[in-house]
Structures are given as C-alpha cells and as structure tokens.
C-alpha cells in the first residue's frame with residue numbers, strides 16, 4: 001500500500017504530479033538509497049503537454065519515500081519538465 005504525507009500531497013498539487021504517476025514511479029521506477037533511511041524512486045514519463053505556459057515533451061518524477069510495515073509512505077517529490 002502507498003500512503004502520502006500531508007507535505008507530499010501539497011507538493012503534488014504544487015508541482016503537477018498525480019497520485020497515479022507517484023504510484024507508478026514507486027512500483028516501476030528506478031529505486032536507490034537516499035539520506036535518512038529513505039528510498040528515492042525515479043521515472044520519466046512522456047508528457048507532451050503545456051505546463052506553466054511552456055510545452056514539455058517529458059516529465060521526470062523523483063519520489064522520496066520510507067518503508068514502514070510493508071507500506072510506502074511518500075515524504076516528498078520533485079517534478080522536472082524537459
């Protein structure tokens with residue numbers, strides 16, 4: 001199961017990520033260790049949409065989460081458009 005912290009939900013809205021994209025990134029993205037016992041997940045999506053007045057071909061999502069009792073708790077995320 002994937003849970004979201006209040007901070008992560010705020011960042012999703014602010015940065016243009018959907019719940020489905022975050023879940024896909026955790027389940028299918030590249031995982032690597034991060035600081036403070038967290039795991040970093042990264043995935044690049046085809047985008048081809050306008051975001052904040054500019055057109056972008058791709059969206060790269062980086063999700064930081066911690067595992068607790070077989071669940072992932074999303075702490076924060078970063079979206080990069082290019």
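Since every read-out is calculated from the coordinates, none of them should be taken as a lab result. Just so you know, these numbers come straight off a predicted model, no measurement behind them.
What number in nm² do you get for the chain if you take the convex hull of its Cα atoms and divide its surface by four?
5.2
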Query raised in the report: By how many nm would the segment from residue 20 to residue 51 lengthen if fully extended, with 0.36 nm per residue of separation less the alpha-carbon distance?
Result: 9.4 nm
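Rounded to the nearest 500 deg cm²/dmol, what is the calculated helix-only ellipticity per residue at 222 nm for the chain, with -39500 (n - 2.57) per DSSP H run of length n ≥ 4?
Details: 2 runs with 20 residues, N = 82.
When only DSSP H runs of four or more count, the value is -7000 deg cm²/dmol.
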